[in-house]
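These notes concern the structure reproduced below.
The values are calculated or read from the model by the stated rules, or taken from the named source; none is laboratory data. Nothing here was measured: the structure is a model prediction, and the numbers come from that model. No Cβ is skipped: glycine too gets one built from the backbone with ideal geometry, and neighbour counts run over all protein chains shown. For the accessible areas, the whole protein counts, side chains as well, though only heavy atoms, and no ligand, DNA or RNA atoms are used. Shrake-Rupley method; radii C 1.70, N 1.55, O 1.52, S 1.80 Å.
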Amino acid sequence: MKTQVAIIGAGPAGLLLGHLLRAEGIDTIIVERAAPDYVLGRIRAGVLERTTTDLMDRVGLGARMHAEGLPHDGFHLADGERLIRIDVAGLTGKQVMVYGQTEITRDLMEAAPERGLEIIYDAGDVALHDVDSDAPYLTYSKDGASHRIDAQFLCGCDGFHGPSRKAIPASVATAYEKVYPFGWLGILADVPPCNHELIYANHERGFALASMRSETRSRYYVQVALDERVEDWSDDRLWDELAIRLGPEAAAQMVRGPALEKSIAPLRSYVFEPMRHGRLMLAGDSAHIVPPTGAKGLNLAASDVHYLSQALIGYFGRGDADGVAGYSAKALARVWKAERFSWQLTRLMHRFPDSDAFDRRMQVADLDYIASSVAAQTTIAENYVGLPL
């Protein structure tokens with residue numbers, strides 16, 4: 001097969017990029033290693049920046065998001081006793097939207113056939129070839145046969161473990177990584193949230209987060225050591241721990257219920273440079289990972305897709321190669337700012353194994369300052385709602 005752009009990965013980044021390019025008449029094929037049901041079964045992010053919601057509107061697929069999503073004007077930081085509200089809308093004039101990554105993926109996936117966006121699922125052994133030439137191509141296997149797609153550009157939207165990043169030679173690449181000495185134990189339950197806005201809690205026993213996917217489905221997390229096992233955390237034990245860490249005000253409104261899903265996720269900060277090599281461009285988790293503190297993962301992927309789609313539209317529509325050449329630098333400038341915010345919020349709200357009494361008092365002092373300073377709250381709000389593109 002031949003196409004102008006071949007996209008590896010049919011998660012939200014790959015699908016959104018595909019829709020943006022097809023809307024401009026650019027031939028695009030998406031190759032995905034997994035089956036559609038598996039892709040939809042990934043339970044991930046749920047807080048969307050204005051950048052992300054604007055892109056969904058731009059491709060004409062924002063109707064269900066606006067009908068079923070939950071617009072949020074702010075969120076809370078908790079220190080075990082009080083809730084410090086960050087008035088995002090009042091400080092920035094913008095809102096965030098709570099709408100699950102699974103739902104975005106579904107909206108993009110279901111609209112693909114009628115818009116002529118071809119998606120090849122269950123593609124095994126995907127490999128990228130000649131990415132630094134003018135004629136890159138990819139190969140994959142399906143139904144016992146080998147296949148090849150020739151393209152003018154390859155776009156790696158295949159996540160941290162996909163093959164795209166590995167196709168960039170180590171001699172021209174640099175990876176920056178920070179692995180955190182704890183994970184998040186999460187529970188998803190069909191219960192109403194304890195607060196209509198998110199709560200990020202700093203407690204002497206560790207971090208906790210109260211979030212939601214809808215008005216009837218809640219998502220909670222607690223910080224745990226890396227050697228903890230999900231099997232050792234009964235539902236009752238987890239609910240008890242959440243009530244302690246989130247503080248009395250949130251605990252009083254908490255409704256308990258059986259877990260629909262329970263898992264432990266490690267945390268890391270990771271950036272791979274460059275995000276372009278020859279005719280291969282990376283976007284989303286294939287190039288960077290942020291800790292979920294601050295809700296930047298999916299939103300960073302969306303901003304990558306914005307820059308990347310603009311670069312490719314300029315190339316095919318106007319013969320302008322400058323956008324392609326400058327894609328990596330432009331995307332990384334925003335990536336590093338988001339990494340900084342996620343790292344700072346993670347450091348502020350978690351208990352680190354090697355922290356001492358002084359470190360704890362610094363966290364308390366930071367939270368006291370945030371509670372009393374409009375300037376500090378504005379800085380947090382600007383980063384939380386998403387920095388300008």
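Determine which single condition P291 fails, assuming it passes every other condition in (1) open to solvent by less than 30 Å² (accessible area, probe 1.4 Å); (2) touching a Phe, Trp or Tyr at 6+ places or on another chain (Cβ under 9 Å); (3) in a helix (DSSP H, G or I).
Unmet for P291, out of (1) open to solvent by less than 30 Å² (accessible area, probe 1.4 Å); (2) touching a Phe, Trp or Tyr at 6+ places or on another chain (Cβ under 9 Å); (3) in a helix (DSSP H, G or I): (3).
For segment 107-123, give me each residue that is among the charged types (D, E, K, R) and touching a Leu at 6+ places or on another chain (Cβ under 6 Å).
D107
Name the single residue that is surrounded by the fewest Cβ atoms within 10 Å (Cβ to Cβ) among those in segment 116-130 being of a type in the set (A, V, I, L, M, F, W, C) and within 13 Å of H147 (Cα to Cα).
A127
Quick one: is E204 touching a His at 6+ places or on another chain (Cβ under 6 Å) and either assigned to a loop (DSSP other than H, G, I, E, B) or open to solvent by 40 Å² or more (accessible area, probe 1.4 Å) (or both)?
no
Considering only residues of segment 116-128 that are hydrophobic (A, V, I, L, M, F, W, C) and not in a strand (DSSP E or B), which is farthest from G14 (Cα to Cα)?
Looking at residues that are hydrophobic (A, V, I, L, M, F, W, C) and not in a strand (DSSP E or B), I get A123.
Within segment 284-309, track down each residue that is out of contact with any Leu (no Cβ under 9 Å at 6 or more places or on another chain) and farther than 29 Å from H76 by Cα.
Scanning segment 284-309 gives a single hit, S286.
In segment 225-263, how many are of a type in the set (A, V, I, L, M, F, W, C) and part of a loop (DSSP other than H, G, I, E, B)?
6
If you go through segment 260-271, how many residues are in contact with a Leu (Cβ under 7 Å, 6 or more places away or on another chain) and buried (at least 17 other Cβ atoms within 10 Å of the Cβ)? Give the derivation first.
Quick first cut of segment 260-271, residues in contact with a Leu (Cβ under 7 Å, 6 or more places away or on another chain) only: 260-261, 264, 266.
Keeping just the survivors that are buried (at least 17 other Cβ atoms within 10 Å of the Cβ) gives 264.
Residues in segment 260-271 being in contact with a Leu (Cβ under 7 Å, 6 or more places away or on another chain) and buried (at least 17 other Cβ atoms within 10 Å of the Cβ): 1 in total.
Give me the pairs: first residue in segment 232-248 and free of Cβ contacts under 8 Å to residues at least 40 places away in the same chain, second residue in a helix (DSSP H, G or I), beta-carbon distance under 6 Å, and six or more apart or on different chains, which are they?
Filtered contacts from segment 232-248: A243/A251.
Suppose we filter segment 356-389 for residues that are over 30 Å from A302 (Cα atoms) and open to solvent by 30 Å² or more (accessible area, probe 1.4 Å); how many remain?
Here the count works out to 14.
Among residues belonging to segment 120-178 that are within 25 Å of the chain's Cα centre (by Cα) and among the polar types (S, T, N, Q), point out the one that is nearest to M281 (Cα to Cα).
So, considering only residues that are within 25 Å of the chain's Cα centre (by Cα) and among the polar types (S, T, N, Q), the one nearest to M281 (Cα to Cα) is S164.
For (1) within 29 Å of L138 (Cα to Cα); (2) modelled with pLDDT of 95 or more; (3) of a type in the set (G, A, S), each residue gets a yes or a no:
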{"site": "A6", "(1), (2), (3)": "yes, yes, yes"}
{"site": "G14", "(1), (2), (3)": "yes, yes, yes"}
{"site": "L17", "(1), (2), (3)": "yes, yes, no"}
{"site": "G25", "(1), (2), (3)": "yes, yes, yes"}
{"site": "V31", "(1), (2), (3)": "yes, yes, no"}
{"site": "P36", "(1), (2), (3)": "yes, no, no"}
{"site": "R44", "(1), (2), (3)": "yes, no, no"}
{"site": "L70", "(1), (2), (3)": "no, no, no"}
{"site": "D79", "(1), (2), (3)": "no, no, no"}
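Can you report the number of residues in segment 144-178 which are farther than 16 Å from G18 by Cβ, open to solvent by less than 50 Å² (accessible area, probe 1.4 Å) and part of a strand (DSSP E or B)?
Qualifying residue count for the region: 2.
Looking at segment 187-199, is at least one residue charged (D, E, K, R) and touching a His at 6+ places or on another chain (Cβ under 9 Å)?
Yes, segment 187-199 contains at least one residue that is charged (D, E, K, R) and touching a His at 6+ places or on another chain (Cβ under 9 Å).
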